[in-house]
Every structure is written in C-alpha cells, then in structure tokens.
1. Under 6 Å between Cβ atoms, which residue pairs at least 6 apart in sequence (or on different chains) link something in the range 102-121 that is closer than 18 Å to Tyr141 by Cβ with a partner that is part of a helix (DSSP H, G or I) and charged (D, E, K, R)?
2. Restricting to the range 114-145, count the residues that are over 17 Å from Phe73 (Cβ atoms) and surrounded by 15 or more Cβ atoms within 10 Å (Cβ to Cβ).
3. So, Gly150, is that one surrounded by fewer than 17 Cβ atoms within 10 Å (Cβ to Cβ), touching a residue at least 40 places away in the same chain (Cβ under 8 Å) and over 22 Å from Lys165 (Cβ atoms) or not?
4. Hey, can you tell me all the residues within the range 32-61 that are more than 12 Å from the chain's Cα centre (by Cα) and buried (at least 17 other Cβ atoms within 10 Å of the Cβ)?
5. Which one is nearest to Asp70 (Cα to Cα) among residues in the range 11-25 that are at pLDDT below 90 and among the charged types (D, E, K, R)?
6. Considering Ser159, Ser185, which residue is within 24 Å of Thr40 (Cβ to Cβ), loosely packed, with under 15 Cβ neighbours inside 10 Å and modelled with pLDDT of 95 or more?
Amino acid sequence: MPIALRKDMKYTYSDYLTWPDDERWEIIDGTAYNMSPAPTIKHQNIVSNFHIILKTSPANPCYTGLAPTDIVFDEYNVVQPDVFVVCDRKKILDTHIQEAPDLIIEVISKSTGLKDRREKRLLYEKFDVNEYIIVFAEEEYMERYILNEGKYTAPEIYSREENLKLTTLDMGINLIKVFGEPCLSEPENKE
C-alpha cells in the first residue's frame, strides 16, 4: 500500500491543488496517499480495454473517463479511479468531476490493492457510487459491488471467461475482451 502522509491534520482539496503536478496523490477522509509507482503494462491494458469498450458502446449514453481525472466527492475526498462513468452531465466540470460517478472500475496494483478494497470501497459506498468493480489483473478475475439501499451487496465474482452485465448501463461485456487473449508463447529472444 502506498505510504500515507499521516500528520495531525486532515488534507483538503485546496491543499491537493497546491501539490506538484508531477506527483499523483489521492485524499481519502483527509489522509493523503501517494499513487506511485506507475502501473504495470497488464494493468494499463485492462484499463484501456475497459475504457474503449465503454466509450464506444452505443449502449452507453454517459461520459466515460479515466485516470488521472480528479473525482472530488467533497473537500476531504479526492480520488483518481482507473475508469469511471458519469451520467449526470452537471457533475462534469472543466477541471474535475464533482460528486460521485455512477460506475467506478479500479484495477488492483500491488501498491494500491488494500486501499482499493477497503478505503475506496467504503468511500464509494458512502458517496453512493452505484456500481464498483475491482479488477484483479494478475489473477484475471473481478469483484463487482452494487449499491442497494445505501450499502454495497456482497461481491459478485467474474472470471475472464464470463460476461459482465453492467447494471448502471444495461449492457454486457465479454471479459475476454477486457483481459485480452492469453499469450500463447514466450516472445522470441532477439540477440
């Protein structure tokens, strides 16, 4: 998990705006989390595949974005989810998304896995994100949480061979297209 800057103060969105542009941070309940190191190629391929599928689907009338876009829930909660969907255009500002997206997808990295599964899941539930998907890139499966009366349901588990039916957008996704075809052989060693 990335090291959090823990001091006797709570960080705010105003503080966040003063931090260096070449560093990536998130704030959850006033605690700052460093988002380095950079994600793996597999992580980025999954993010890209999800984004392309959602962005180009005729079943998706909503805005689809990806990191590093700021989602500002309130002054003490600012995150940059891997992929997100916002259906209420009033939430889309020139500089960031204000308030909860309808759907958030986070691809687990070794350095952010615990935060994505614990702090972010609680944050997204608290701010009424309708659907939250956590993707385990290396293991090639995902967990999906659906908001029901203000609480997330137990996670539904999907493998790479299944189809994911998004409740937010009323569309299905063949997960092989998200995870990509498995590599059948090792790349040739060119000397």
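The values are calculated or read from the model by the stated rules, or taken from the named source; none is laboratory data. Please read all numbers here as calculations on a predicted model, not as lab measurements. So basically every Cβ, Gly included, is an ideal-geometry build from the backbone, and we count neighbours across all protein chains shown.
1. Partner pairs satisfying both residue conditions: Glu106/Asp116; Ile108/Asp116.
2. Here the count works out to 11.
3. Judged against the criteria, Gly150 is not a match.
4. The answer is Ala32, Tyr33, Met35, Pro39, Asn49, Ile53, Leu54, Asn60.
5. Filtering first and then ranking leaves Arg24.
6. Numbers: Ser185 fails: modelled with pLDDT of 95 or more.
It is Ser159.
Residues checked against (1) modelled with pLDDT under 95; (2) out of contact with any Leu (no Cβ under 7 Å at 6 or more places or on another chain); (3) charged (D, E, K, R):
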site: Tyr63; (1), (2), (3): no, yes, no
site: Val86; (1), (2), (3): no, yes, no
site: Lys91; (1), (2), (3): no, yes, yes
site: Asp102; (1), (2), (3): no, yes, yes
site: Lys115; (1), (2), (3): yes, yes, yes
site: Leu123; (1), (2), (3): no, yes, no
site: Asp128; (1), (2), (3): no, no, yes
site: Tyr132; (1), (2), (3): no, yes, no
